[in-house]
Every structure is written in C-alpha cells, then in structure tokens.
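Here the structure is laid out as structure tokens; the discussion comes afterwards.
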Amino acid sequence: MIDGQDELPIKQQAKLLKLARSSVYYQPVPLPASDLKLMHRIDRLHLAHPFAGSRMLRDLLKGEGFKVGRCHVRTLMKRMGIEALYRRPRTSKPGAGHRIYPYLLANRQIDQADQVWATDITYVPMARGFVYLVAIMDWHSRRVLSWRLSNTLTTDFCVEALEEALRRYGHPQIFNTDQGSQFTSDEFTQVLKDRDIQISMDGKGAWRDNVFVERLWRSVKYEEIYLHAYEAMADVRTGLRSYFDFYNRQRPHDGLNRQTPDQVYFDSKNELRTA
C-alpha cells in the first residue's frame, strides 16, 4: 500500500491513507526463541489445566526447569490471548466503548442446525512463531462452518470468517461469542445486525457458556496441531484444511450419538426444509 519508490513522499502517502507515520516505518521485532518455546509450553499447560493462572503456570514451568517470573508469564499469556478459566469478575476484555450484549442461551433448548452459531479464537504454535485461529461453529451439530488464520489479534480475520459462513450456509437465529474486543467491535456486530441475527455474549466469568468451541480447540490441538511443527502459515492452513474436512465429514462424536457433524447438520437442515 505504501510505496517507497513512488514520487509522492511517504509522509503524504500515509496522510492520504490516514495512517500514522510511526506505523509505516515500524519494523516488527521477532520474538526470541526462548519466548516462543515458553509460549508453546504454556499453550499445552493451559489446555491440560485451563484453570491455571499466571502464578500456577509459572510454578509449573519452574518445575520443568524454565527460569521465568510471573510477570513474564502473564505478558506471554496476553500475547497468546489466553486466560485462566474460572469464575471471576471478567473473563474477556471488550474494547473501549464497545457494547456488551446479554447471554441468550440460558435454559434454551438447542435442537436444530442454524439455531445458534458460536465463535472463538485460539493460539496456534509453529516451529518458529505462531498464528491465531478463529472458527465459526454450528452449536447443535458442532460443525465447523468456516475458519481463518491471522498473525495478529485484529478484527478483520474474524469478520472474514463470519461473512464466509453467512455466504455459504445462510444465517443463524442467534450468534454467541465471548466479550473479546474482536467480537464486541462495531465491525463484527454490524454484520450480524444487518441480518437481524440476535447477538449473545458469554456472561462475566461464565466460561462454560462457549464450552463447545473450547472442546473443538482441544480436539484440533491434540489431533492435529501438536502433531506437527508447522514452518509457515501456509503449512498451518494446509494442515487445518485437511483436519477440519476430516472433523466435519468423518470424525464421529460421542455427544452426537457417534454421528459426524456433517450428518447431524445436513440432516437437521433437510428436516427443516421438509417440515
């Protein structure tokens, strides 16, 4: 977008694009290998012990021979976008000025496809670095409707995943998220409002409200991500494309009476069409 060879000075290019000059000249500094190693291990420990906060993770890491303080663990957790899962005043931080919507799924029977969709973001380690994964899931069938990767925790890749799911599968009655800034942003919620989709957000401290997506992360990490040392984002994309195809079409689920997400999702949609 910014062309250093153009006759127009970079200062003027940044002004026309409404970009801060500091962001134009900024060159990201790669994380040291020691931090990447810590982050990979924190990710595994968090999945195994989701209740562990920075203090407990520090102690677990020290027990494994890592020399690390609590503040550094907390910094890395923030970069990874993970928090301990236990009841407390707030589990996710909305952006400044972002509206928080009520949780609409309490005591609601969810027995149809496209009744409720849900989403979340997780950290994906690579051999040298990491990326973030967002997925859109149908709550009833556990089917992954769309997903996207990004190397930053911005809103745009979440909106792209949402728009793809809506384009391919129609739209749900209710869309449930946590209170993260990506999902409370005007860019994300406006896509839902434009289609008259009810917006539901997990209650403060109620991490179980989005438990099906948490279970998806556990499956995809143990069955795909942790088995590979991805070299680049293209490798992650190829691996996840293959895994989600397997997950949707072939992998039976105990919670679905040993059926696959595809079977439950499309059977339910067919029943609704013929009803």
| request: Quickly work out the Asp111-to-His228 label distance, labels modelled 7 Å from Cα along the C-beta direction, and quote it in nm with one decimal. | output: 3.9
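Once a ≥ b ≥ c are taken as the square roots of the eigenvalues of the Cα gyration tensor of region 56-196, is the result rounded (a/c under 1.5), prolate (a/b larger than b/c) or oblate (a/b not larger than b/c)?
The shape class here is prolate.
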| Within straight cross-link reach of Lys67, meaning Cα distance under 18 Å, which aspartates and glutamates are found once same-chain residues fewer than 8 apart are removed? | Asp35, Asp43, Asp59
| request: Determine ³J(HN,Hα), in whole Hz, for all residues of region 255-268 in sequence, where each value follows from phi through the Karplus function 6.51 cos²θ - 1.76 cosθ + 1.60 and θ = phi - 60°; x replaces Gly and Pro. | output: x, 10, 6, 6, 8, 8, x, 4, 4, 5, 5, 6, 4, 5
| request: For Lys269, go through the aspartates and glutamates and keep the ones whose alpha-carbon is under 16 Å away, minus same-chain ones fewer than eight residues off. | output: Asp111, Asp114, Asp138
| task | Figure the gain on full extension for Ser181 and Ala127 (residue separation times 0.36 nm, minus the Cα-Cα span) and round it to one decimal in nm. | result | 16.6 nm
| said: Could you check the spin-label model distance between Gln173 and Tyr103? Points 7 Å from the Cα along Cα→Cβ, value in nm. | reply: 1.9
| remark: Candidate cut points under GluC sites (Glu not before Pro) in region 214-263, DSSP loop plus at most 14 other Cβ atoms within 10 Å of their own Cβ, are Glu231
| Which of rounded, prolate, oblate describes region 33-80, given a ≥ b ≥ c as roots of the alpha-carbon gyration tensor eigenvalues and a/c under 1.5 marking rounded, otherwise prolate only if a/b is larger than b/c? | rounded
| query | Ordered by residue, what ³J(HN,Hα) values in Hz, to whole numbers, does region 148-154 give under the Karplus form 6.51 cos²θ - 1.76 cosθ + 1.60, where θ = phi - 60° and Gly and Pro are x? | reply | 8, 10, 8, 9, 9, 8, 9
| Just in region 40-88: which trypsin sites (Lys or Arg not before Pro) are loop by DSSP and have at most 12 other Cβ atoms within 10 Å? | Lys67, Arg87
| said: For the pair Lys67/Ser219, report the inter-label distance in nm, with labels modelled 7 Å from Cα in the Cβ direction. | reply: 4.3
| Computed FRET efficiency, Cβ-Cβ of Thr154 and Lys37, R0 25 Å: what is it to the nearest 0.05? | 0.45
| request: Mind checking region 209-275 for trypsin sites (Lys or Arg not before Pro) that DSSP puts in a loop (not H, G, I, E or B) and that have at most 15 other Cβ atoms within 10 Å? | output: Arg258
| field | In range of the label at Glu164: residues from region 115-137 whose backbone nitrogen is under 11 Å from the point 7 Å along Cα→Cβ | value | 134-136
| Over region 116-274, relative contact order from alpha-carbon pairs under 8 Å, at least 6 apart, % | 22
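Every number here is computed from the coordinates shown, using simple stated rules; none is lab data. The shown structure was predicted, so the numbers you read here are calculated from the model rather than taken from an experiment. Here Cβ is always computed from backbone atoms with ideal geometry, including for glycine, and neighbour counts include all displayed protein chains.
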